[in-house]
């Protein structure tokens with residue numbers, strides 16, 4: 001009797017052992033869960049404070065120290081809008097020790113420099129001076145002259161030159177097709193400044209308006225920037241100050257929209273560094289506003305002469321710049337990302353102001 005009990009018990013034990021073995025074999029056949037964060041590399045880092053892990057990459061980190069004018073955009077816009085994905089762009093200051101580049105917006109720097117990084121700078125780290133203002137509008141801040149390794153500016157001789165450039169067309173035999181023109185001469189500007197501001201562009205406008213009709217659109221209420229410009233034969237591309245290379249989107253806008261820009265800014269030769277001389281009309285080509293007005297009125301009636309201002313469009317394309325406020329500085333920031341990812345060289349700028357205000 002006892003023998004039968006022992007035999008039955010042994011059989012049960014064997015069955016149970018078999019079940020356990022089968023279970024373990026079945027359990028181990030499932031993939032192991034990944035409970036470990038990816039290793040930290042010099043590109044994308046895990047932000048431990050927010051328990052946020054990023055994918056491993058070899059891209060250099062570019063730290064945006066200030067959001068310019070607090071205009072925030074999605075960092076992925078660099079890839080989607082400009083096909084730039086050569087750096088890991090972040091505003092997380094905890095990554096400062098590992099950042100390959102720190103982008104500093106000049107206008108946001110406090111006079112006592114108290115809002116700049118205070119930790120020692122790594123030997124591999126570059127500081128980029130970011131300024132899109134003209135010398136007239138740039139505040140001199142004592143102590144920043146020798147802090148930076150790279151310059152990001154509209155200036156042609158900046159380390160990172162920011163501009164909406166004309167691009168060569170693949171096909172040059174296409175016909176020129178212009179938008180329908182409903183107006184002769186237009187300007188988008190803050191209308192409150194038209195009668196009170198004493199700047200050169202306002203003075204010239206007031207004199208010009210005595211001799212030719214100018215359709216003025218208030219910049220605060222202009223709904224469709226490019227559609228408005230494209231409806232005009234000519235557009236006042238007047239810069240707020242006159243300095244070398246200071247040629248802004250107010251020039252790119254009419255080129256992209258299919259309108260002839262009337263420019264007031266640096267000399268004609270400087271404009272021709274960036275666009276064909278036959279693509280625009282410079283106020284310096286005329287002795288006064290009266291003569292310019294008379295020329296435009298004659299050109300209005302001579303379509304053959306007018307269309308010649310667009311011959312450049314057979315060869316080049318002008319791209320519409322971004323007009324959303326949040327993207328005001330996106331193009332420049334993304335260009336800096338491209339530079340950081342592509343170039344390793346840097347320099348010491350011993351006197352930033354001597355270069356910029358020269």
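The values are calculated or read from the model by the stated rules, or taken from the named source; none is laboratory data. Predicted model only: the values in this text are computed from it and were never measured. Note: ideal-geometry Cβ built from the backbone for every residue, glycine included; neighbour counts use all protein chains shown.
Tallying residues that are within 19 Å of the chain's Cα centre (by Cα) and part of a loop (DSSP other than H, G, I, E, B) within region 106-133 yields 3.
For region 70-96, the tally of residues that are in contact (Cβ under 8 Å) with a residue 60 or more places away in the chain and assigned to a strand (DSSP E or B) stands at 1.
Each row is one residue, and each column tells you yes or no for (1) buried (at least 17 other Cβ atoms within 10 Å of the Cβ); (2) at pLDDT below 95; (3) closer than 22 Å to residue 163 by Cα.
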| site | (1), (2), (3) |
| --- | --- |
| 103 | yes, no, yes |
| 107 | no, no, yes |
| 114 | no, no, no |
| 120 | no, yes, no |
| 124 | no, yes, no |
| 143 | no, yes, no |
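In region 274-328, of all residues being free of Cβ contacts under 8 Å to residues at least 24 places away in the same chain and part of a loop (DSSP other than H, G, I, E, B), the one that is surrounded by the most Cβ atoms within 10 Å (Cβ to Cβ) corresponds to 286.
Candidates 188, 212, 242: the one that is surrounded by 13 or more Cβ atoms within 10 Å (Cβ to Cβ) and touching a helix residue (DSSP H, G or I) at 6+ places or on another chain (Cβ under 6 Å) is 212.
Residues in region 333-356 that are in a helix (DSSP H, G or I) and farther than 30 Å from residue 81 by Cα: 4 in all.
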